Each structure stands twice: as structure tokens, then as C-alpha cells.
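Only one structure is covered here, and it is reproduced in the block below.
The values are calculated or read from the model by the stated rules, or taken from the named source; none is laboratory data. Small disclaimer: the values here were computed from a predicted structure and weren't measured. Using ideal geometry, Cβ is built from the backbone for each residue, glycine included, and neighbour counts are taken over all protein chains shown. Ligands, DNA and RNA are excluded from the accessible area calculation, which covers all protein heavy atoms including side chains. Shrake-Rupley method; radii C 1.70, N 1.55, O 1.52, S 1.80 Å.
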Amino acid sequence: MSVSINDYKTTLTAAMKLADLKYDETIMSRLLDYTERLLTWNEVMNLTALTSPEDVAIRHFLDSWMLLPILDEMFKKTAGQSKSVSLIDVGTGAGFPGLPLKFVREDIKLVLLDALMKRVRFLQEVADNSKLAEISCIHGRAEETARNKLHREKYDIATARAVASLPELCEYCLPFVKIGGVFIAMKGDVQEELNHSTRAIKILGGKLEDVREFKLPGTDYHRTIVVIRKISKTPPTYPRKAGKPHSSPIS
């Protein structure tokens, strides 16, 4: 790490405060371990282009925590029905936003899905070392995994913090979401994509519920959170075969 542990802890503490999180030694320990493993693994495989400790703290951890108000709303809705909320992070890459969310909300039932086995091994190592229950790391493509009855329409929340277009992400993610749940896309400037997503959202059983635009606290980075509510079942023809949602997105 290019800065001292104490300096990095100061940066992490500030990021937690910006997310309205209370300082906790256990959480801090998990975040430090996650960062160390991320930077170490990144030397031999491409996990992230953002490698400075401040970028990891702000543009990865804090950015992921911007979903917490939405998750808290979901927890309130399921109170009395279940003790936790199930969340699948589709195309999770290095584990964002899923792992930072799990580290501060232990009662999330988290599934991390990625198509590259090397990344899944990294995720499993971080998950194992966290000693947290109910983290599953799955190797697979969204187009195939979403057709598996163990995962299709089984989750309260699906998230994606990917570079794919919104119509493409809707086809990957909405089939995982149970009726009444939400798909949350984390994007930058998304207005043009939203304009091309109306048909995809409707066909796949969703309804646009909220678009929250903000600057990432402490930065000039423009971010957008798109919340799509699942209101009806996704037709069995979706998602289409691997590669089709990218080459020919619903629009």
C-alpha cells in the first residue's frame, strides 16, 4: 500500500462518515483486509484500474455504500417476513458493490456472480477471510445463471455496477428479481440510456421507480442510481443466449 495504514484508516473513517456509518473496528478490519487483497491480486490480474488507497476508499467503498438508503428501505418492507434481504451482485468483478454492502449490513444474503473464474477465486478468498455467513461466490454468465431455477426470480435485489448499457443490464438482472423486488443499476450519466430502456424494462417485467443523481461525496464524480421495480414475471425467453443482449439489446 502506497500510504501508511493509519493514513488509510483515516481516509476510510472519513468515507464511512460520509455514508452515515459509525466507526467499527470489525468493519475496519474487513475493509483493510479487502483492500490489501485487492491491491495484491491486482498486480497479477485486472481487478480494478483504481489502485490508490484513496480511490479504493472513495470510488469503490463509498460509492457502493450510496445504495444503503435503498437497502434500508427494503429491510423495512421485509420486516416481519424475513430476517434478511437477498441480494445478487451481477457481474460483480472485484466485488463492488456487494462486498462493501455486506461488510456493513451483515444480514444481507449475498450472492456474487462473475463470469471469470479467477475473479471468483479472489472473491472467495475475501469472503472466507471476512468470516461472514451467507456469502456465495458463483462462477457463471448472467444469461445462463438466470435460467437456473435456483436463481431465477429468487432475489429481493439485483445490483450491477457495470459498463454495459442499461437495456443490456436490464436483461441480465431483472430475471433474477422476484416480483416486488428491485434491480438497482449504478451508472454515471444515464439519461440517453434511460431513453432507450423503456421497452426493455416493460418487456422484462419492470417499472422505472426512481432515478437518483448525485455527486459522490467529497468528489466531482457524477453518479446515478437507477431503481427498477419488478412488477411481473420475466418472459421465459429472457435472458437470451450469451452475447445476444450485448449485440442486440432490447430497445
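Placing unit charges on each Cβ (+1 for Lys and Arg, -1 for Asp and Glu) gives the chain a dipole about its Cα centre, and among 18, 6, 135 the Cα reaching farthest toward its positive end belongs to 135.
Over all directions, the projected convex hull of the C-alpha atoms in the stretch 76-137 averages 4.1 nm² in area. For the stretch 11-90, the relative contact order comes to 31 percent (Cα pairs under 8 Å, sequence separation of at least 6).
Its alpha carbons considered, the stretch 125-208 gives a radius of gyration followed by a Dmax of 14.1, 43 Å. With both labels modelled 7 Å from their Cα along Cα-to-Cβ, the residue 248 to residue 117 distance reads 3.1 nm.
Under 5 Å from the amide H of residue 86 lie the amide H atoms of 109, 156, 157, each residue being 5 or more positions distant or on a separate chain, with H modelled from the backbone and absent for Pro and chain starts. By a 1.4 Å probe calculation restricted to protein chains, residue 74 has an accessible surface near 10 Å², given to the nearest 10. Ranking 128, 55 by solvent-accessible area of protein heavy atoms (1.4 Å probe, all protein chains present), from largest to smallest, gives 128, 55.
Rounded to the nearest 20 debye, the dipole size of the stretch 89-148 about its Cα centre is 100 debye, using +1 on the Cβ of Lys and Arg and -1 on the Cβ of Asp and Glu. The modelled label-to-label distance for the pair residue 133/residue 10, using points 7 Å beyond Cα in the direction of Cβ, is 3.9 nm.
Using the Cβ-Cβ distance between residue 232 and residue 32 with R0 set to 45 Å, the FRET efficiency works out to roughly 0.55. By a 1.4 Å probe calculation restricted to protein chains, residue 121 has an accessible surface near 130 Å², given to the nearest 10. Grouping the Cα pair distances of the stretch 139-181 into 10 Å bins from zero gives a pair-distance distribution of 31, 59, 11 percent in increasing distance order. Across the stretch 17-62, Cα-Cα distances exceeding 18 Å account for 31% of all pairs.
Shape descriptor for the chain: Rg over Rh equals 0.95 (Cα atoms; Rh from the Kirkwood inverse mean 1/r). Placing unit charges on the Cβ atoms of the charged side chains and taking the dipole of the stretch 1-144 about its Cα centre, the candidate lying farthest along the positive direction among 40, 53, 103 is 103.
For the stretch 1-53, trypsin sites (Lys or Arg not before Pro) meeting the loop criterion (DSSP other than H, G, I, E, B) and having at most 15 other Cβ atoms within 10 Å: 22.
Charge dipole of the chain (Cα centre as origin; +1 on each Lys and Arg Cβ, -1 on each Asp and Glu Cβ, all else neutral): 1140 debye, rounded to the nearest 20. Below 8 Å, C-alpha to C-alpha, sequence gap of six or more: please give me the relative contact order for the chain in percent. About 15 percent, as a whole number. Convex hull volume per residue, computed on the Cα atoms of the stretch 1-130, equals 102 Å³. Ranking 197, 217, 177 by Cα position along the charge dipole of the stretch 169-222, where only Lys, Arg, Asp and Glu carry charges on their C-beta atoms, puts 177 farthest toward the positive end. Rolling a 1.4 angstrom probe over the stretch 73-232 with all protein chains present gives an accessible area of which 49% lies on carbon and sulfur atoms. Put a plus charge on the Cβ of each Lys and Arg, a minus charge on the Cβ of each Asp and Glu, and nothing anywhere else: the dipole of the stretch 77-218 about its Cα centre is then about 320 debye.
Residue 130 contributes about 10 Å² of solvent-accessible surface, heavy atoms of the protein only, 1.4 Å probe. When the chain is treated as a GNM with alpha-carbon contacts under 10 Å, the residue of 203, 88, 157 showing the greatest mean-square fluctuation is 203. Sequence-distant contacts, meaning Cα pairs under 8 Å at least 6 residues apart, place the relative contact order of the stretch 202-251 at 37 percent.
Taking every protein chain into account, the accessible area of the stretch 154-251 amounts to 47 square angstrom per residue (probe 1.4 Å).
The sum of -39500 (n - 2.57) across all DSSP H runs of n ≥ 4, divided by the residue count of the chain, sets its helix-only mean residue ellipticity at 222 nm to -10500 deg cm²/dmol.
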